[in-house]
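What follows draws every value from the coordinates through simple rules; no lab data is involved. Because the structure is a prediction, the values reported are computed rather than measured. Cβ: placed from backbone, ideal geometry, glycine included. Neighbour counts: every protein chain shown.
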Amino acid sequence: MTLIDSKRPPKLYYFSERSGLERSLSLGEFRLSPPIADLPAAASVGGFLVLSLMQAWDGTLFDALPNVDSYLVVHDAEEFGERLHRAVQKTLPDWVGIDAAISYGAPSPLGKIFSRAKNHASENEWRFAWRPMQAGASLHPVVIRIGSIEDIAELHGRHD
């Protein structure tokens, strides 16, 4: 049996447009989407819906990602993860979820969904991923609402 360190980091960072992040903060609204693969075998990581946050603040993401002008700091990643998993379970009851750090340049014991190319290591990503328990489930993006996270997170602009 392989031991996997899936202890959530103390904080998580979520970069996006301010208007979307305001909804994330006040309503706990997050979009789960099929992963965007950076490898030629894009289909090999299919079958999941994911939400990715960063384990460390990285100001270069403002220039690297279009339309990013703000970020959320989640000060209690453990509580955030528990709320998120509970909300997804209610919305997608026939799905199973897990979250962990991405492995860069080496295969993750959790599979390709938690593995990325070494050149993405600076992203320091923490991924939440869900897959259906039965084949053939729709893999369209899903909006999840976990309720306000203002008690565990705060919104910042690019220059805050």
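Think of the chain as having a plus end and a minus end, set by charges on the Cβ of Lys, Arg, Asp and Glu; of Tyr13, Gly47, Leu65, Gly47 sits farthest toward the positive end of this dipole.
Here Lys112, Lys7 are placed in order of increasing Cβ neighbour count within 10 Å, fewest first, which gives Lys7, Lys112.
In sequence order, the stretch 92-98 has phi-based couplings of 10, x, 9, 10, 10, x, 8 Hz under the Karplus curve 6.51 cos²θ - 1.76 cosθ + 1.60, θ = phi - 60°, and Gly or Pro positions carry x. Label positions at Arg31 and Lys118, each projected 7 Å from the Cα along the C-beta direction, are separated by 3.3 nm.
Computed about the Cα centre, the dipole magnitude for the stretch 12-160 is approximately 660 debye when only Lys and Arg (+1) and Asp and Glu (-1) carry charge, each at its Cβ.
Once backbone amide H atoms are built at 1.01 Å from N, Ala153 has His75 as its partners under 5 Å, excluding neighbours fewer than 5 places away on the same chain. All alpha carbon pair distances within the chain were sorted into 5 Å bins beginning at 0; the resulting P(r) in whole percents reads 2, 9, 18, 22, 22, 17, 9, 2, 0, 0. In the chain, helical runs assigned H by DSSP with n ≥ 4 each contribute -39500 (n - 2.57); averaged across all residues and rounded to the nearest 500, the mean residue ellipticity at 222 nm is -5500 deg cm²/dmol. Computed from the C-beta positions of Arg158 and Ala106 and an R0 of 35 Å, the FRET efficiency is 0.60 to the nearest 0.05. With a simple spin-label model that places each label point 7 Å from the Cα along the Cα-to-Cβ direction, the separation between Thr91 and Val142 comes to 0.8 nm. All C-alpha pair distances within the stretch 64-151, sorted into 5 Å bins from zero, spread as 3, 11, 18, 19, 22, 18, 8, 1 percent across the bins.
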